Amino acid sequence: MRHFFFLFAFVFIAFQATSQTVIGTWRTVDDETSEAKSHVQIYEKGGVVYGKIIKVLRKNAATNCANCPGDLKNKPLLEMVILDKMQPKDGYYHGGNILDPEKGKWYECKIWLKEGDPNTLVVRGSLGPFYRTQYWSRVQ
């Protein structure tokens with residue numbers, strides 16, 4: 001019985017620790033229509049965080065990025081990296097960029113977990129002094 005308690009405690013603590021990170025799969029939402037758009041998988045590689053589209057949720061959505069700049073133009077949206085080179089600092093990630101495939105533009109980006117809610121990711125893209133904030137939900 002004692003071993004069962006320790007196993008349960010370890011699993012509970014491990015689950016809590018993983019739910020306190022930006023790493024995982026997130027449902028994106030159009031901040032103008034509130035319509036679910038995609039699932040983005042955020043992952044770490046070499047101490048830097050990236051995010052790629054792993055599922056498109058909109059029916060009849062484009063499958064390629066017609067508006068994307070440079071080498072990404074007309075590439076498939078699935079597996080496209082849209083969150084690039086985010087570095088951790090003081091509880092949030094910054095220093096990277098986020099791509100808006102619909103507009104075909106890269107923006108400076110900061111992301112962090114909403115205070116008190118580890119299942120909501122705050123995503124802020126900016127261009128100079130102007131910014132736009134979205135709230136992504138963790139996919140369970």
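Quick one: is LYS103 under 20 Å from GLU32 (Cα atoms) and in a loop (DSSP other than H, G, I, E, B)? In short, yes.
Restricting LYS110, LYS37, LYS85, LYS52 to those that are free of Cβ contacts under 8 Å to residues at least 60 places away in the same chain, touching a His at 6+ places or on another chain (Cβ under 7 Å) and either surrounded by 16 or more Cβ atoms within 10 Å (Cβ to Cβ) or on the phi > 0 side of the Ramachandran plot (or both) reduces the list to LYS110. For ASP117, which of the numbered conditions (1) surrounded by 15 or more Cβ atoms within 10 Å (Cβ to Cβ); (2) free of Cβ contacts under 8 Å to residues at least 12 places away in the same chain fails to hold? Every condition holds for ASP117 apart from (1).
Residues that are farther than 15 Å from PRO76 by Cα and in a strand (DSSP E or B) within segment 38-50 comprise GLN41, ILE42, TYR43, GLU44, LYS45, VAL48, VAL49, TYR50, listed in sequence order. Kindly indicate the residue of segment 88-100 that is assigned to a strand (DSSP E or B) and without any contact (Cβ under 8 Å) to a residue 24 or more places away in the chain and also nearest to ILE53 (Cα to Cα) among those meeting that condition. My answer is ASN97.
FYI, it's all coordinate maths here, none of it is from the lab. None of these values were measured; they are calculated from a predicted model. Glycine also receives a Cβ, built like all others from the backbone with ideal geometry; neighbour counts cover every protein chain displayed.
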